[in-house]
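As structure tokens, the structure follows; a few thoughts come after it.
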Amino acid sequence: MRVTRTTTLRQGPGRPSLRVERTLQREGYAVLVGMDEVGRGALAGPVSVGVCAIDATCRSAPAGVRDSKLLSPAARESLVPRIRRWSLAHAVGHASPAEIDELGIMAALRLAGERALAQLDLVPDLVLLDGNHDWLTDPARVGLLGLLDGPAPGPPVRTMIKADLRCSSVAAASVLAKVERDAMVVARSPEHPAYGWEHNKGYAAPEHQEALRVHGPTSYHRRSWRLAGTVEEGSVP
């Protein structure tokens with residue numbers, strides 16, 4: 001019986017490296033997937049999860065790989081092809097605003113993570129997840145519940161606070177997710193130019209909130225959230 005196990009790692013500050021990943025590989029987890037999410041706090045657009053798989057053949061990450069929040073848009077975009085060449089496998093999964101409204105943000109995060117993992121042509125031995133909460137593991141598939149009919153339990157997960165600042169695989173995953181999600185949101189901006197998505201990427205910038213007060217939410221907004229202008233007659237189709 002395979003039981004999904006979640007543990008939390010702690011590591012000192014510093015630039016991202018493969019120190020944690022190498023330690024885990026010595027514990028027997030040959031293929032590791034760094035995972036990180038972007039868009040959790042946005043008002044519009046999907047929540048997105050990046051994954052970056054590595055094994056012992058993957059040497060130091062490309063120079064400049066950092067948590068995506070610390071990089072300029074140009075720097076992030078320039079890193080994407082280098083990360084793709086460096087990693088053993090990579091992907092980004094998304095959950096739509098409608099799915100966030102229907103399922104809630106935590107279940108939507110899980111859905112996006114599962115979609116990202118499903119795109120890989122490998123099965124990881126371990127997922128290294130940023131943060132202190134394992135939102136990837138479905139609680140209904142843990143332990144004896146995993147023996148019941150339905151999808152098999154996912155890979156084991158280890159969480160690590162600030163893994164996006166400390167682990168190269170997680171930082172790389174955050175860059176992939178940020179670049180892909182930003183592009184998706186910007187592509188929708190011409191449909192509803194008042195909200196300034198090309199600048200704020202769906203987050204709660206002042207011009208975005210003002211547009212919500214004036215025009216109400218669009219179908220690309222998370223309508224279950226507390227948004228300015230969230231009244232049915234003021235919404236934009």
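With respect to Thr57, determine if the residue is open to solvent by 50 Å² or more (accessible area, probe 1.4 Å), over 23 Å from Met184 (Cα atoms) and assigned to a helix (DSSP H, G or I).
no
Taking the options Glu180, Glu207, name whichever one is touching a helix residue (DSSP H, G or I) at 6+ places or on another chain (Cβ under 9 Å), part of a helix (DSSP H, G or I) and closer than 30 Å to Ala61 by Cα.
Just a single option satisfies the conditions, and that option is Glu180.
Which condition breaks for Arg188 when tested against (1) touching a residue at least 60 places away in the same chain (Cβ under 8 Å); (2) assigned to a helix (DSSP H, G or I); (3) buried (at least 19 other Cβ atoms within 10 Å of the Cβ); (4) touching a Gly at 6+ places or on another chain (Cβ under 8 Å)?
With respect to (1) touching a residue at least 60 places away in the same chain (Cβ under 8 Å); (2) assigned to a helix (DSSP H, G or I); (3) buried (at least 19 other Cβ atoms within 10 Å of the Cβ); (4) touching a Gly at 6+ places or on another chain (Cβ under 8 Å), Arg188 is out only on (3).
What do you reckon, is Gly41 in a loop (DSSP other than H, G, I, E, B), closer than 22 Å to Ala205 by Cβ and open to solvent by 10 Å² or more (accessible area, probe 1.4 Å)?
yes
Filter the stretch 71-83 for residues that are touching a residue at least 24 places away in the same chain (Cβ under 8 Å) and either open to solvent by 60 Å² or more (accessible area, probe 1.4 Å) or hydrophobic (A, V, I, L, M, F, W, C) (or both) and give the result.
Within the stretch 71-83, Leu71, Pro73, Glu77, Leu79, Val80, Ile83 qualify.
Quickly run through the stretch 84-106 and pick out the residues that are over 11 Å from Ala53 (Cβ atoms) and open to solvent by less than 30 Å² (accessible area, probe 1.4 Å).
Within the stretch 84-106, Val92, Gly93, Ala95, Pro97, Ile100, Gly104 qualify.
I need the full set of residues from the stretch 206-237 which are closer than 24 Å to Asp36 by Cα and modelled with pLDDT of 95 or more, in order please.
Within the stretch 206-237, Tyr220, His221, Arg222 qualify.
Mind telling me which of the residues Arg22, Arg26, Arg110 ends up being within 24 Å of Lys162 (Cβ to Cβ) and open to solvent by 60 Å² or more (accessible area, probe 1.4 Å)?
Sole residue among the options that is within 24 Å of Lys162 (Cβ to Cβ) and open to solvent by 60 Å² or more (accessible area, probe 1.4 Å): Arg26.
All but one of (1) more than 21 Å from the chain's Cα centre (by Cα); (2) modelled with pLDDT of 95 or more; (3) not charged (D, E, K, R) hold for Val38; state the number of the condition that does not hold.
It fails just one condition, (1).
Would you tally the residues in the stretch 174-185 being open to solvent by less than 10 Å² (accessible area, probe 1.4 Å) and either without any contact (Cβ under 8 Å) to a residue 40 or more places away in the chain or in contact with a Leu (Cβ under 6 Å, 6 or more places away or on another chain) (or both)?
1
Evaluate the following for Leu43: is it at pLDDT below 95 and aliphatic (A, V, I, L, M)?
Against the criterion (at pLDDT below 95 and aliphatic (A, V, I, L, M)), Leu43 does not qualify.
Every residue in the stretch 171-191 that is closer than 28 Å to Met160 by Cα and of a type in the set (D, E, K, R), please.
Correct list: Lys178, Glu180, Arg181, Asp182.
The values are calculated or read from the model by the stated rules, or taken from the named source; none is laboratory data. Remember, predicted model here, so these are calculated numbers, not experimental data. Every residue, glycine as well, gets a Cβ built from its backbone with ideal geometry; the counts of neighbours run over all protein chains shown. Note: areas computed on protein heavy atoms with side chains; ligands, DNA, RNA excluded. Shrake-Rupley method; radii C 1.70, N 1.55, O 1.52, S 1.80 Å.
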